[in-house]
1. Is there a residue in the stretch A:237-249 that is farther than 22 Å from A:Gly151 by Cβ and among the hydrophobic types (A, V, I, L, M, F, W, C)?
2. May I ask you to list pairs of residues, at least six apart or on different chains, whose Cβ atoms are under 9 Å apart, with the first in the stretch B:65-77 being away from chain A (no Cβ under 14 Å) and the second being in a loop (DSSP other than H, G, I, E, B) and near DNA strand C (Cβ under 6 Å from one of its atoms)?
3. I'm trying to understand the selection: among the residues of the stretch A:283-307, which are open to solvent by less than 10 Å² (accessible area, probe 1.4 Å) and not in a helix (DSSP H, G or I)?
4. In the list A:Arg288, A:Arg280, A:Arg303, which residue meets the criterion of being charged (D, E, K, R), free of Cβ contacts under 8 Å to residues at least 40 places away in the same chain and within 14 Å of another protein chain (Cβ to nearest Cβ)?
5. Taking B:Arg117, is it touching an Asp or Glu at 6+ places or on another chain (Cβ under 9 Å), basic (Lys, Arg) and either surrounded by fewer than 19 Cβ atoms within 10 Å (Cβ to Cβ) or within 21 Å of B:Gly372 (Cβ to Cβ) (or both)?
6. Consider A:Ser233 carefully, then state whether it is at pLDDT below 95, within 8 Å of another protein chain (Cβ to nearest Cβ) and at positive phi.
7. Kindly provide the set of residues from the stretch A:69-98 that are within 17 Å of A:Ala373 (Cβ to Cβ) and out of contact with any helix residue (DSSP H, G or I) (no Cβ under 9 Å at 6 or more places or on another chain), ordered by number.
Protein chains: 2
Amino acid sequence: MKQTGDLHLMKRINKSIVMELIRHESPISRASIAEKTGLTKATVSSLVSELIESRLVDEIGAGESRGGRKPMLLLFNRTAGYAIGVDLGVTYITAVMTDLNGEIVNEVKIQHDNPPRDELIAELTRCIRELAERVPESAYGVVGIGIGIPGFADEEGNVLFAPNLGWEHVPLQRMLEDEFGIPVVIDNEANAGAVGEKEFGAGTRWPSLVYVSISAGIGTGIIIKEELYRGMSGFSGEIGHVSIQHDGKPCRCGNAGCWELYASEKALLDEAKEVYGQPRMKVDQLIRLAEEGDAKALALFDRLGRYLGIGIVNIINAFNPPAIIIGGRLAQAEAWLKQPLLEVVERRSLPYPRAQLEVQFSELGVRSTVLGACSFAISKFFSSTKVSVE
Amino acid sequence: MKQTGDLHLMKRINKSIVMELIRHESPISRASIAEKTGLTKATVSSLVSELIESRLVDEIGAGESRGGRKPMLLLFNRTAGYAIGVDLGVTYITAVMTDLNGEIVNEVKIQHDNPPRDELIAELTRCIRELAERVPESAYGVVGIGIGIPGFADEEGNVLFAPNLGWEHVPLQRMLEDEFGIPVVIDNEANAGAVGEKEFGAGTRWPSLVYVSISAGIGTGIIIKEELYRGMSGFSGEIGHVSIQHDGKPCRCGNAGCWELYASEKALLDEAKEVYGQPRMKVDQLIRLAEEGDAKALALFDRLGRYLGIGIVNIINAFNPPAIIIGGRLAQAEAWLKQPLLEVVERRSLPYPRAQLEVQFSELGVRSTVLGACSFAISKFFSSTKVSVE
DNA sequence: GAAAGTTTGTAAATTGATTAAACAAACAAA
DNA sequence: TTTGTTTGTTTAATCAATTTACAAACTTTC
């Protein structure tokens, strides 16, 4: 049944509102909080003193007077605790520790060759432990762990299906919570990337956005009104498998003409093999060639940009998001992709949705997933107090 | 700023929870409400007596004892007020009056030939007035008016753009509220249809669904977690203009190979013109031919069903909804469309999203939009008390 | 530089909706 | 007839917010 209203809930609501305001607009005075929230000064005073007592907020001295008594400024204590975020890739593990504002304080990276499940989990655990052992002295220590995985997870943090790891039904959240004794959140890498860009990167300006991650395949994370959209049972959309050519190349997914057959790293490298007649080219190599002005490479990126544009037009027409953020490994080819991509978007998308739309490339680069994972952990930490009412 | 918590909010939350429970599970006793909500019996008693006073709830006598005192059963008073819903079509207006449960008590239909704006609004006003004048004696009378329009509206009920009516920037909500003095809600016809099927039709079982309306073109309404998804600035998705063939037929929207070029009434009739060599065939005529076993007609519907399937696979892969409801005028050809459609879905969609998905045809037929419009009005009436907390 | 007016933040009294506890009424089962 | 259960109300206690009042600190104005 729904949450009912009582005094306890009321206080949680207000405390959460005050906390959010201090987190995002500090330094700020009690009077200013009262004005912005509509709460009385007395209530704000009382809630703030509890937040100070719980070490999440500090007083940092007086600010400028506006014609009366000087305000006492409050600051969010971003070092009251730390979060660990992990990008669990198919060939690598990246793990970072951030403060409660998402500022990185430590980082661990390893390569792996996709060993058996338990070995990989052991590697993962080692990475996390290494960071956890170096956590700075603080009120709450490590407040939680977030993991971005190349696959699907359900709400209980079970990895349902991660084809490129060869995993199916792995209760990763439970395993890690047993190991470390702190809250763990598991989600898809594109979802994590979307949250990363939304919180700390190119997407902070919009309440809703679609993040498109272009690496080996195409992944997407959709944020609607500040909240990650998850499809039924934890599977969010797989826009990479939307067909842009219904009678096109068959895809292993069962469909034909899937977008990611035309606009992914794999598509690019397959094309490159044809064009250059060399078997194993890499993206870095193509970027270097493009930098040198190599016509073939430039043509390849131009073509890729156009195909990206075609799928992005579909996203625009279907979702009408205020912003689209392009990330993933191929986002580093922004210089050559952006122009053809925008040209296709300009020409083909519906005028009304397009009017206020912005297409941006990732600001966090390879770190969007890890930082999103940290954000999961931080959000969970604050969600104990966070409640929303509309 | 966000809503803050105070005693008034607390009461609104609880009253709304109790009201919702009585609306959807009546007859129900106070004790049972207390048990299901977690509120104390005292609180429930107090709230219920206020609801009874406001005429929204009635006591209807004692129920069966479960080994003690007999419970007094409470009933939602669905005739405490009435809602008016309108389907404003390009060639017709359908308006209905329902009780607060969405049961139709009166209906008005007229045809029109798309006259100038002010004349059509006058027609619309006449339809509404005709219903409003016949409202049964009740506590609240007409509680609101909902309108489904063939175009886009913003949150303030301005019709931003309705190409087939030739309207742009019409403040319809304000005009009607000035005229009738009660709350008015304006939204897209597909959004209304989605809500109609969700509340009263084929979609009651799911918290989220995608409604696909196939008439002249293709419209869609997306409901996520009991809530209608609207894109930025009131434009929701136009999935009809997702391309299924990036190098296909050019569409007037600027894109190429749009789904609705292959899978709409217009597409069907264009094909029919080719096949039969007759210029102006109608859908009803084709359905009659199909009923008679006409091979050409059967082939046309089969082809249409497959193209519908292709777009629906895209919806499944992109949104992963638990249910897809197919409505609009062509939904009446379910008998011939369903088979080829499901066959394509079965063959082409990703196994994971598909696993628990259901594809259903409309239960309300031509009435999904009007009933959805009524639901808008009813929801607005109850939203004065309705608050959700998570 | 004194008076007047502002702004900040705290303190005390009041309000009001919920909970907890007690209870009366109505009923079934032993 | 007794016992125990269920329903719904009454009463007192609780507690977080509001209202009101006020002290402290500061700027502006004359």
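The values are calculated or read from the model by the stated rules, or taken from the named source; none is laboratory data. Everything numeric in this text was worked out from a predicted model, so none of it was measured. Virtual Cβ from ideal backbone geometry, glycine too; neighbours counted across all protein chains shown. For accessibility, only protein heavy atoms count, side chains too; no ligands or nucleic acids. Shrake-Rupley method; radii C 1.70, N 1.55, O 1.52, S 1.80 Å.
1. Looking through the stretch A:237-249, at least one residue is farther than 22 Å from A:Gly151 by Cβ and among the hydrophobic types (A, V, I, L, M, F, W, C).
2. That search, which allows pairs on different chains as well, returns B:Pro71/B:Ser65.
3. Scanning the stretch A:283-307 gives no hits.
4. A:Arg303
5. No, not satisfied.
6. yes
7. Matches in the stretch A:69-98: A:Val90, A:Tyr92.
Each row is one residue, and each column tells you yes or no for (1) more than 23 Å from B:Tyr140 (Cα to Cα); (2) in the same structural domain as B:Pro150 (by TED's automatic domain parsing); (3) of a type in the set (Asp, Glu).
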{"residue": "B:Ala31", "(1), (2), (3)": "yes, no, no"}
{"residue": "B:Glu35", "(1), (2), (3)": "yes, no, yes"}
{"residue": "B:Thr43", "(1), (2), (3)": "yes, no, no"}
{"residue": "B:Leu56", "(1), (2), (3)": "no, no, no"}
{"residue": "B:Glu64", "(1), (2), (3)": "yes, no, yes"}
{"residue": "B:Val96", "(1), (2), (3)": "no, yes, no"}
